[in-house]
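The values are calculated or read from the model by the stated rules, or taken from the named source; none is laboratory data. Every value quoted in this text rests on a predicted model; they were computed, and no experiment measured them. Positions of Cβ are generated from backbone atoms using ideal geometry, with glycine treated the same way; all protein chains shown enter the neighbour counts. Just so you know, the surface numbers come from the protein's heavy atoms only, side chains and all, with ligands and any DNA or RNA stripped out. Shrake-Rupley method; radii C 1.70, N 1.55, O 1.52, S 1.80 Å.
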Amino acid sequence: VFDMLIVGGGPAGAAAAVYAARKGIRTGVVAERFGGQTLDTLGIENFISVKETEGPKFAVALEQHVREYEVDVMNAQRVERVIPADEPGAPIGVQLANGATLRARSVVVSTGARWREVGVPGEREYRNRGVAYCPHCDGPLFKGKRVAVIGGGNSGVEAAIDLAGIVREVTLLEFAPQLRADAVLVRKLESLPNVRIVINAQTTEITGADGKVNGLRWRDRTADAEHDIALEGVFVQIGLQPNTEWLRGTLALSKHGEIIVDARGATSLAGVFAAGDVTTVPFKQIIIAAGDGAKAALGAFDHLIRTSVP
Ligand code: FAD
């Protein structure tokens with residue numbers, strides 16, 4: 001039986017593992033892909049104290065740091081279910097896709113999230129070569145250039161406002177006949193001189209040449225005509241999907257599917273904590289996820305010393 005079992009090996013899970021192991025308790029990490037989203041990131045320039053690094057390098061460093069301690073790392077394992085304890089203080093079950101069930105006195109869920117894709121030709125091909133998903137991360141790469149933001153909800157409009165301060169020109173494309181963001185954000189967006197808003201716009205292709213983005217094609221849904229925009233970058237902002245499908249019915253989730261946590265990372269189920277992009281914590285970033293993982297591990301440790309006999 002683990003004292004603390006961490007599900008997910010991204011920045012949140014790795015931080016939770018280090019914090020747990022340093023308490024001298026029996027710690028395990030189960031992860032489908034150790035490193036998480038950082039494995040898919042080209043450059044990281046906003047993890048304070050590391051001026052710049054590459055995603056895969058950062059992922060290796062996460063795993064090395066965890067392996068400095070006595071942590072049972074189970075990589076390439078998918079978790080399918082959390083089984084609540086039979087009675088208060090009894091172990092919680094964590095069922096793997098391979099059929100095995102692990103048991104733990106406390107669990108930290110840090111299964112992260114994934115950006116929703118628009119699913120048009122060019123999107124995957126030019127990912128990290130002009131197609132981006134995170135304005136806080138990649139905005140500065142497009143300084144002085146032309147970009148489009150796909151999506152007119154809160155995240156799209158916030159991204160467009162943010163980018164307008166960095167890039168030369170922003171075109172915001174919304175599929176519906178009106179923007180879906182809060183009125184205050186829409187007013188702010190409309191006041192910016194270098195932003196163009198296009199509604200009823202269905203993106204049909206992201207085009208490129210020489211291995212980088214050079215334009216975006218969209219269809220006017222009212223006139224059924226296609227248009228091209230010349231640009232250097234496309235930010236896809238149509239939603240971040242938390243990896244919680246496997247937790248429906250077990251933990252309380254927000255309407256966006258995020259695990260609802262309190263200030264210590266506690267979830268609706270006693271002994272189960274959560275951290276990082278998978279939760280309701282605002283702003284999905286590496287440094288935030290790592291801090292959050294440390295916090296959830298300390299929250300879980302506090303729970304352990306109050307509930308279990310060593
Ligand atoms: P994740 O990194 O998503 O890790 C989740 C972990 O859970 C993984 O190990 C995954 O395999 C595992 N997992 C998921 N489901 C299961 C399951 N059922 N069973 C077992 N394991 C499971 N942030 C920055 O701060 N700076 C940047 O420059 C930056 N650039 C980015 C670029 C890209 C392309 C992307 C996609 C994201 C970027 N981000 C950046 C965001 C950042 O990567 C995330 O905020 C951060 O990784 C979240 O950490 P996490 O540990 O919460 O989740």
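What the table shows:
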{"read-out": "Boolean, V107 is at pLDDT 95 or above, farther than 24 Å from T307 by Cα, more than 9 Å from the ligand (Cβ to nearest atom) and surrounded by 22 or more Cβ atoms within 10 Å (Cβ to Cβ)", "value": "no"}
{"read-out": "Among the residues listed as A290, A294, the single one being touching a helix residue (DSSP H, G or I) at 6+ places or on another chain (Cβ under 8 Å), farther than 21 Å from R81 by Cβ, more than 10 Å from the ligand (Cβ to nearest atom) and open to solvent by less than 40 Å² (accessible area, probe 1.4 Å)", "value": "A294"}
{"read-out": "Enumeration of residues in segment 177-201 that are closer than 22 Å to G119 by Cβ and more than 25 Å from the chain's Cα centre (by Cα)", "value": "P177, V198, I199, N200, A201"}
{"read-out": "Selection count, segment 1-52, where residues are open to solvent by 40 Å² or more (accessible area, probe 1.4 Å) and assigned to a loop (DSSP other than H, G, I, E, B)", "value": "15"}
{"read-out": "Residue in segment 114-132 that is within 30 Å of L216 (Cβ to Cβ), modelled with pLDDT of 95 or more, among the basic types (K, R) and surrounded by fewer than 14 Cβ atoms within 10 Å (Cβ to Cβ) present", "value": "yes"}
{"read-out": "Count of residues meeting criterion [more than 21 Å from I286 (Cα to Cα) and either without any contact (Cβ under 8 Å) to a residue 12 or more places away in the chain or open to solvent by less than 30 Å² (accessible area, probe 1.4 Å) (or both)] in segment 53-101", "value": "12"}
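Conditions tested, residue by residue: (1) more than 29 Å from A132 (Cβ to Cβ); (2) at pLDDT 95 or above; (3) β-branched (V, I, T).
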{"residue": "A15", "(1), (2), (3)": "no, yes, no"}
{"residue": "G28", "(1), (2), (3)": "yes, yes, no"}
{"residue": "G43", "(1), (2), (3)": "no, no, no"}
{"residue": "E63", "(1), (2), (3)": "no, yes, no"}
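This table checks each residue for (1) of a type in the set (A, V, I, L, M, F, W, C); (2) more than 16 Å from the ligand (Cβ to nearest atom).
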{"residue": "V213", "(1), (2)": "yes, no"}
{"residue": "D224", "(1), (2)": "no, yes"}
{"residue": "F235", "(1), (2)": "yes, no"}
{"residue": "K255", "(1), (2)": "no, yes"}
{"residue": "A275", "(1), (2)": "yes, no"}
{"residue": "P282", "(1), (2)": "no, no"}
{"residue": "Q285", "(1), (2)": "no, no"}
